[in-house]
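The next block holds one structure in the form of structure tokens; read it before the comments.
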Amino acid sequence: MIEFPGSIDKISTALVGFEKDNYFILKVPPVPGIKGKLREGNKVVSRFLQQGAIISFRAEILTILTKPANLLFLTYPFGFETHLVRKHKRVNCYFPAMGGVQDQKFPGLIMDISSGGCRLTCDEADLAALPPPPLSLGQTISIEFHMLDRSVRYVLDGRIVNLTPEDHKMSIGVLFSDGHETTDQVRAMLHDYLEDIKDALQEAHP
């Protein structure tokens, strides 16, 4: 989907390909009047769905080719925004946690959680101490945490689907992995725990 700043229209098109750090290539949508908006230098917002997440980026139009096909070339973006398409309702929480990437650990807080994923917030100073490469989308991560019963330690594996700076902190969106025995067992426990919370809230606010 592409859209233009100041317009509410969302236009479907197809990704043809890309060259990293250089350009994206899209098909020119067969929409009446669209070519009047496709001028070099105009800004475009693009969104696509990948592995259960909506990926967004802003770019500028580089050029349009009409032969051998109508193709739209966009600048390669400086960054991407990722928004998880959630299958599970999340519950706000405040669980101390340790994130782990490449055998390196860093402290943080789980700010919301579901049986499908969580949002981990960490100080950027703690992340700066990690050896390169820095955190990146798609990177595997482990989350070690305690809930209200601090005698039990839980560990879940997943991958990073969102990185958002927030006032000297980094908000890390994590999608939990499927098919790992320990992760699946903890997710089942977490699902029951969250269902109990949901039932209690419904009883308190019928």
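Every number in this text was worked out from the coordinates using simple rules, so none of it is lab data. All figures in this text were calculated on a predicted structure; none of them were measured in a lab. Cβ coordinates were reconstructed from backbone atoms using ideal geometry, including for glycine residues, and neighbour counts include every protein chain displayed.
Put in line by how crowded their Cβ is, counting other Cβ atoms within 10 Å and starting with the fewest, Leu15, Leu38 read Leu15, Leu38. By the gyration tensor of its Cα atoms, with a ≥ b ≥ c the square roots of the eigenvalues, what is the shape of region 1-43: rounded for a/c under 1.5, prolate for a/b over b/c, or oblate? Judged from the Cα gyration tensor, region 1-43 comes out prolate (a/c at least 1.5, a/b above b/c). The P(r) of region 2-84 has a tail past 17 Å containing 44 percent of all C-alpha pairs. Do the alpha carbons of any pairs in Lys43/Lys105; Lys43/Lys67; Lys10/Lys67 sit beyond 32 Å of each other, and which pairs? Pairs exceeding 32 Å: Lys43/Lys105.
Rounded to the nearest 20 debye, the dipole size of region 2-84 about its Cα centre is 240 debye, using +1 on the Cβ of Lys and Arg and -1 on the Cβ of Asp and Glu. As a rough footprinting exposure proxy, the listed residues Val16, Val161 were ranked by other beta carbons within 10 Å of their own, and the order from fewest upward is Val16, Val161. Counting every other Cβ atom within 10 Å of each residue's Cβ, Arg119, Arg58 order from fewest to most as Arg58, Arg119.
Each of Asp21 and Val152 was given a label point 7 Å from its Cα along the Cα-to-Cβ line. The distance between the two points is 4.8 nm.
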